[in-house]
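The values are calculated or read from the model by the stated rules, or taken from the named source; none is laboratory data. These numbers come from a predicted model, not from an experiment. Every residue, glycine as well, gets a Cβ built from its backbone with ideal geometry; the counts of neighbours run over all protein chains shown.
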Amino acid sequence: MMGQMTQEEINVALFDEGQRLRQEIRRIKKSKERYRNALE
């Protein structure tokens, strides 16, 4: 179990995770576009 995190540390960690997820979603959407275009 991790030591106690301050609320600020938690907020920063959640924000970073959110950024990573958004980038990942963009990447997936882009590759889905490419896949769809390839099928046409």
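A few comments on the model shown:
- Criterion applied to 39, 21 was being exposed (fewer than 10 other Cβ atoms within 10 Å of the Cβ) and either among the hydrophobic types (A, V, I, L, M, F, W, C) or in contact (Cβ under 8 Å) with a residue 12 or more places away in the chain (or both), and the one residue passing it is 39.
- Count of the stretch 1-13 residues, restricted to those that are surrounded by 10 or more Cβ atoms within 10 Å (Cβ to Cβ) and under 21 Å from the mean Cα position of the chain (by Cα), is 5.
- Where a residue in the stretch 1-13 is on the phi < 0 side of the Ramachandran plot and assigned to a helix (DSSP H, G or I) and its partner, wherever it lies, is modelled with pLDDT under 95 and of a type outside the set (Ser, Thr, Tyr), with Cβ under 8 Å and at least six apart: 13/5
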